[in-house]
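Below is one structure. I have some questions about it.
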Amino acid sequence: MAETAVGSVIDKLIPLLTEEANLLRSVHKEVAKFKRELQSILAFLKDADRRAEDEEDNINYGVKVWVEELREVAFQIENVIDEYTHHVAQKRQQHEQRSHRRKLIGLLQKIACFIIRLKPRHDTASTIQDLKQAVREINERSQRYGFNSTQQGSTTTAQDNVWYDPRNNARFLQDTEVVGIESARDELMNVLERESPSRIVILVVGMGGLGKTTLAHQAYVRAKGRFDYHAWIEVSKLYNKVELLRSLMKKFCQARKESAPEGIDAMNEETVTTKLRDYLQGKRYFVVFDDIWNISFWADVANALPGYNGSIGRIIITTRDVNVADFCRISSFVHLHELQPLPWEKAWELFCNKAFLHDLQGQCPTHLRELSDSIVKRCEGLPLAIVVLAGLLSTKNKTLDEWRKLSTSLSSELVSNRHLESITKILSLSYYDLPYYLKSCFLYFGIFPEDYSIRHGRLIRQWIAEGFVKPKKDKPIELVAEEYLVELINRSLVQVSEVDFDGKAKTCRIHDLLRDIILKKMEDLSFCRVFSRNDSNFKVLTRRISLLHNARDAFQGSIPEASHVRSLFIIDSDTIPNSLVQTMVVNFNLLKVLDFEDAPNLDHLPKDIGDLFHLRYLSLRGTRVRLLPTSIGKLINLETLDLKLSLVYELPVEINKLSRLRYLLVYNWDYTLDWSIHSIRGVKIPKGIGRLKSLQKLYFVDASIVGVDVFKELRELTELRKLGMTKLRSEDGTSLSECLKEMKHLECLDISSTEEEELIDLESMSSSPPLSLRRLYLKGHLRKLPDWIPKLQNLVRIRIRWSKLEENPLKSLQNLPNLLELGICQDAYCGKELHFEKDGFPQLKVLSLYDISSLNSLAIAKGALRNLENFNIGNCPQLEEVPSGFQHLRNLKDVLFFDMPIHFLIFQNFECLQCISLVRFVYNIDGRDESFTLPWVMKAQDYILQHADEKEEWAAMEIVEIWRKMREISTEGRDLIPPISHAKFSF
């Protein structure tokens, strides 16, 4: 992380040298020298960081101190630069009306003299000189530590570094000790035994401690006897390619009790590769490469493992990085198995087997059940954590006090208890393997509470605001940031909580135990201080602060010491005093990120918010803030302004000064008008907003503003990727079309009319449709589906509501090659039949049909919707039968029926749905959307059929009456009542 800190400083020095060259020559001279000094030691830092992290408690103390000192000085340098640039900007703003170049230069020279004459604590040139000297002294001290870039490894003895690694036990477990991997093992065995002459690579991927080695070994011991040659190779992180190939040859020979080829230890790479290929030619062989870190590993061994001319090869590779598969696919068939955490039942079984095996025969005593349950839940199905924690608890007295101590202090025990250090070290290996530019991105997850899923867009924009994402030529910085997130996911460090319809991560999180580990690292590195209710200590150099669970009281006393904080997060706070917000804004004048999203009761933004010159990200999402102060126009570096679901309905004219603004997200949702065209309330934009040339996302804009030519302003925003508009009138169609012609990069368009009956005229777009569109939302009356929509070859999602189409829209949409989601809702179609024809919608994954009052027939031809995974249908009162053709949908995983008629629920035959993994029936009961399972519905149907004399009575009931009656009538009926779960869904 010292490398990251110093690299960040150098990135700031470069524009400072170019932009301010004529501003302060004395400062410029010192900055240039400073930059050279920092660059001279930057090459050493990657190794320094590695050594400071790999063996934290055994590290050569001198190296650790050197890294920490350098990081602290780098922070101080960053402070000086940010304060300096802020000061210069203030002076520029005071004289921005003076445009004559000579006068401006003369003025700036006066400013330079003024800065040099400031008091010592504000003297930029003097401070830089002092810090440069400090860096030089730190660098010189490193020589006395005997540290340079060519030295590798720790100076500690081998004995000092010994720690118990439970992964070594994986190859010696008895079958009775292995829990929860039976189905995964059987899957691997099926692939190993597949009759195929080709070479097959099986990739077992998962986070550290998930049981990859255990699974691979279970398959290895069962399958190795079916091959002529077999070998198990443990691959070190820094392996030698030739030594690896020699070892493979020796293991093959050893398994067959043969002598290794003479002179093998002297063979070069080409010779040993040829020897292996000849040895395996025409044979059946099986090899496991365990714990691979190098994504290009396959390129090092592929030539030695033949896959043709009679050779049949099966190779298992275990790794934390799914990118290893990409290299394997170049020359082999790859079967990817992403190992999942243990389900609750298996996790509990494993825990009890380890914690209570010797004295209680694997049974948890009643008085420890609740605490044990809590501990197992914290492990989140991670076998390593379960085994180690259960092993430690097996040595403890079986008393509540003894177990409560571990349960309540698990976070601190993970980083201090030597019995648990294997969990910390194994999980930390993936962090240490990260390139420096990803470490800060990963640590960012520790800012949020445990079990907290972060939206993809929020995370990406905050990384960019922090400066973590380095621009690449010809690639939008947002795309680079997405690549960072994908890499963290592929490395099994970040878990995807919710997948969007297009397969991308919608929300993501990290394992709670991993978070416990990085919290300590964040504090040690001064990356972030996370405050909870009982915290009080504060590290002065901390760059970020996260206030969790109403921790403001613990933090308030530290505000004066936190003036150099760069990011502030208020999370899960019921109330936050306006005085505290005011104090933070006044004191934290170097903030880049200010996130109030999780402070729903915030109702005021200080008038001094504009003093946060460096602010790049401001979120008031979900707060009760109604007005933006006029000083908002001073935030000239602001890139993201998130006002979604706040109470801001009108933007001040000062917003037009935010020339760097890229994301303006603002609208309010009225939950009392759910499923109404008026549910979303757009914002009134000021005249002149067209000056914001950098805007990429703008939604939702009220199109009916009086006194502002909205479309004239929008035509200037040519960089928009997403545009949302409300209250469109029929006469606005041509103006909207003219706007969209200028938006060559537009990917998402969301428009709604003033009323459900108001016509949206989109026909004028036919001559030049927005071909870059990927997502299209149309809400309002259409004469017919616009004929330019079938031309949108990039379209992946379309939703239409209140369109009242008389012609079947399926014919126009069914051949869109990339369409993944289709929604037809709120009488968007007025016909009686929908027929999905053969080969139609070849890529569609999500289909939603809701509130189509006239629909009475739905048919799916064989070959249609062949990739459909999710089907949602609801509130179609005329639909009396289950859609025909369900049996053809081989990939269907999730079916949701919402508010369907009672006769549909009671009298339909749902047997064709039994092969689908998840089928739900959702009804509104007492104001809540409640979910019923398919087994319950079918049992209820059987019960009702047995009481056929009451058939008409049942059919006339409301769903709430049926549910209540089933609870009341008989023991059999009561047994049918499922535990009702609140249903979360959207169309």
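The values are calculated or read from the model by the stated rules, or taken from the named source; none is laboratory data. In this text, all values refer to a predicted model and were calculated from it rather than measured experimentally. Note: ideal-geometry Cβ built from the backbone for every residue, glycine included; neighbour counts use all protein chains shown. When the accessible area is computed, the model is the full protein with side chains, heavy atoms only, and any ligands, DNA or RNA have been set aside. Shrake-Rupley method; radii C 1.70, N 1.55, O 1.52, S 1.80 Å.
List every residue pair whose Cβ atoms lie under 7 Å apart, where the two residues are 6 or more positions apart in sequence or sit on different chains, the first residue falls within segment 791-820 and is farther than 15 Å from S772 by Cβ and hydroxyl-bearing (S, T, Y), and the second residue, located anywhere, is in a loop (DSSP other than H, G, I, E, B) and open to solvent by less than 40 Å² (accessible area, probe 1.4 Å).
Final answer for the pair search is S803/L782; S803/A828; S812/L785.
Now for a separate question. Which condition number in (1) in contact with a strand residue (DSSP E or B) (Cβ under 9 Å, 6 or more places away or on another chain); (2) under 22 Å from Q878 (Cβ atoms) is the one that I789 fails?
(2)
Related question: Checking V706 against (1) closer than 19 Å to Y649 by Cβ; (2) among the hydrophobic types (A, V, I, L, M, F, W, C); (3) assigned to a loop (DSSP other than H, G, I, E, B); (4) touching a helix residue (DSSP H, G or I) at 6+ places or on another chain (Cβ under 9 Å), only one condition comes out false. Which one?
(4)
Any chance segment 841-853 includes a residue that's outside any loop (DSSP other than H, G, I, E, B), among the polar types (S, T, N, Q) and surrounded by 18 or more Cβ atoms within 10 Å (Cβ to Cβ)? Working first, answer last.
Here is the first cut: in segment 841-853, the residues outside any loop (DSSP other than H, G, I, E, B) are 846-850.
Now restrict to residues that are among the polar types (S, T, N, Q): 848.
In the following step, the residues that additionally are surrounded by 18 or more Cβ atoms within 10 Å (Cβ to Cβ) were identified as 848.
The answer is yes; a qualifying residue exists.
Right, another one. If you take just the helices (runs of 4 or more DSSP H) that sit entirely in segment 314-394, which of them hold at least 3 residues that are open to solvent by 10 Å² or more (accessible area, probe 1.4 Å) and under 24 Å from T424 (Cβ atoms)? Lay out the reasoning, then the answer.
Numbers: elements: 324-329, 344-355, 357-360, 369-379, 383-393.
Ranges flagged: 344-355, 369-379, 383-393.
Checking S752 against (1) farther than 30 Å from D611 by Cβ; (2) small (G, A, S); (3) without any contact (Cβ under 8 Å) to a residue 60 or more places away in the chain, which test does it fail?
Failed condition: (3).
Results for (1) of a type outside the set (K, R); (2) touching a strand residue (DSSP E or B) at 6+ places or on another chain (Cβ under 9 Å); (3) under 17 Å from K520 (Cβ atoms); (4) modelled with pLDDT under 90, shown as yes or no for each residue.
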| position | (1), (2), (3), (4) |
| --- | --- |
| D373 | yes, no, no, no |
| K396 | no, no, no, yes |
| F442 | yes, no, yes, no |
| P449 | yes, yes, yes, no |
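Mind listing just one residue for me: the one in segment 464-513 that is in a loop (DSSP other than H, G, I, E, B) and of a type in the set (G, A, S) and, of those, least open to solvent (accessible area, probe 1.4 Å)? So that I can check it myself, show each step before the final result.
First, the residues of segment 464-513 that are in a loop (DSSP other than H, G, I, E, B): 467-471, 473-474, 476, 491-494, 500-504, 510-511.
Those left that are additionally of a type in the set (G, A, S): 467, 492, 503.
On the way: G467: 37, S492: 22, G503: 53 Å².
Ranking the qualifying residues of segment 464-513, first place goes to S492.
So for segment 898-919 (the condition being part of a strand (DSSP E or B) and surrounded by fewer than 15 Cβ atoms within 10 Å (Cβ to Cβ)), does at least one residue qualify?
Restricting attention to segment 898-919, the residues satisfying the condition of being part of a strand (DSSP E or B) are 898, 918-919.
With the extra rule that they be surrounded by fewer than 15 Cβ atoms within 10 Å (Cβ to Cβ), the set shrinks to 918.
The answer is yes, given that some residue of segment 898-919 is part of a strand (DSSP E or B) and surrounded by fewer than 15 Cβ atoms within 10 Å (Cβ to Cβ).
I'd like to verify a number: residues in segment 221-259 that are open to solvent by less than 20 Å² (accessible area, probe 1.4 Å) and not in a loop (DSSP other than H, G, I, E, B), how many?
11
Also, quick follow-up: Looking at K520, is it open to solvent by 50 Å² or more (accessible area, probe 1.4 Å) and either touching a strand residue (DSSP E or B) at 6+ places or on another chain (Cβ under 9 Å) or without any contact (Cβ under 8 Å) to a residue 60 or more places away in the chain (or both)?
On the way: open to solvent by 50 Å² or more (accessible area, probe 1.4 Å): yes; either touching a strand residue (DSSP E or B) at 6+ places or on another chain (Cβ under 9 Å) or without any contact (Cβ under 8 Å) to a residue 60 or more places away in the chain (or both): no.
It is false that K520 is open to solvent by 50 Å² or more (accessible area, probe 1.4 Å) and either touching a strand residue (DSSP E or B) at 6+ places or on another chain (Cβ under 9 Å) or without any contact (Cβ under 8 Å) to a residue 60 or more places away in the chain (or both).
Considering each residue of segment 652-685, count those that are modelled with pLDDT of 95 or more, touching a helix residue (DSSP H, G or I) at 6+ places or on another chain (Cβ under 6 Å) and closer than 20 Å to T726 by Cα, and give that number.
1
Starting from segment 393-415, keep only residues that are more than 21 Å from H358 (Cα to Cα), then list their pairs with residues that are of a type in the set (S, T, Y) and modelled with pLDDT of 90 or more whose Cβ atoms are within a distance under 8 Å, requiring at least 6 positions of separation or different chains.
Final answer for the pair search is S407/S374.
If I go through segment 630-643 residue by residue, how many of them are part of a loop (DSSP other than H, G, I, E, B), touching a residue at least 24 places away in the same chain (Cβ under 8 Å) and crowded, with 17+ Cβ neighbours inside 10 Å?
Taking segment 630-643 first, the residues part of a loop (DSSP other than H, G, I, E, B) are 635-639, 643.
Restricting the remaining residues to those that are touching a residue at least 24 places away in the same chain (Cβ under 8 Å) gives 635-637, 639, 643.
Next, only the ones that are crowded, with 17+ Cβ neighbours inside 10 Å stay: 635, 637, 639, 643.
Selection size over segment 630-643: 4.
When you go through (1) assigned to a strand (DSSP E or B); (2) open to solvent by less than 30 Å² (accessible area, probe 1.4 Å) one by one for K727, which number turns out not to apply?
(2)
While we're looking at this one, here's another question. State whether one or more residues within segment 899-921 are at pLDDT 70 or above, farther than 24 Å from D500 by Cα and among the β-branched types (V, I, T).
Yes; the residues of segment 899-921 include at least one that is at pLDDT 70 or above, farther than 24 Å from D500 by Cα and among the β-branched types (V, I, T).
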